[in-house]
Amino acid sequence: MTASTITASFAIRPATPADIVHIHSMIMELAVFEKLEHMVVSSEALLHEGLFGARPGAEAIVAEADGEVVGFALFFHNFSTFLTRRGLYLEDLYVRQAHRGKGYGSRLLKHLARIAVERECGRFEWSVLDWNTPAIDFYKSMGAELLPDWRICRVTGAPLTALAQD
């Protein structure tokens, strides 16, 4: 990439507890963009616990441009019984609106791919909303295959509690 697409001070690094405020803010921006803000129960305290608590459930990396946190990716490991190896699952990747089109999203995705390879993961996966054509086109341009035969199954709230009953 040319210097005009990536600033000289662009960097990707593991998130630290000091980044929680920035990551949480971008999670809220993402929820609004995806029209899912009504589903958000996240808080900075819950995010801190999830990333840095006694039993972290996920990891995060942040993208910085000129000292400003401009994007993040939150990910965790899953496991493939067919491959008998763990995989890397990208839960969310977000670049602030003012910083899009500069190559930061592709740099975050490539960074995660390197993590997956270094950790000997059998695959790297994520989901995308079916109406988000720009994201779908971006992911395809990065070599991703959309799996048309798979659907996400989810149980939350009262139905989860009911399912857990004897």
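Looking only at helices (runs of 4 or more DSSP H) that fall completely inside segment 63-166, which ones have 2 or more residues that are of a type in the set (S, T, N, Q)?
133-141
When you scan segment 98-117, how many residues do you find that are open to solvent by less than 80 Å² (accessible area, probe 1.4 Å) and within 14 Å of the chain's Cα centre (by Cα)?
Of the residues in that region, 10 qualify.
Name the pairs whose Cβ atoms lie under 8 Å apart, with the first residue in segment 143-166 and of a type outside the set (Phe, Trp, Tyr), the second loosely packed, with under 10 Cβ neighbours inside 10 Å, and 6 or more positions between them or separate chains?
Val155/Leu163
Name the residue that is surrounded by the most Cβ atoms within 10 Å (Cβ to Cβ), counting only residues in segment 44-89 that are among the hydroxyl-bearing types (Ser, Thr, Tyr) and more than 17 Å from the chain's Cα centre (by Cα).
The extreme case among them is Ser80.
The values are calculated or read from the model by the stated rules, or taken from the named source; none is laboratory data. Only a predicted model underlies this, so the values are computations on that prediction, with no experimental measurement involved. Cβ: placed from backbone, ideal geometry, glycine included. Neighbour counts: every protein chain shown. SASA here: full protein model, heavy atoms, side chains in, ligands and nucleic acids out. Shrake-Rupley method; radii C 1.70, N 1.55, O 1.52, S 1.80 Å.
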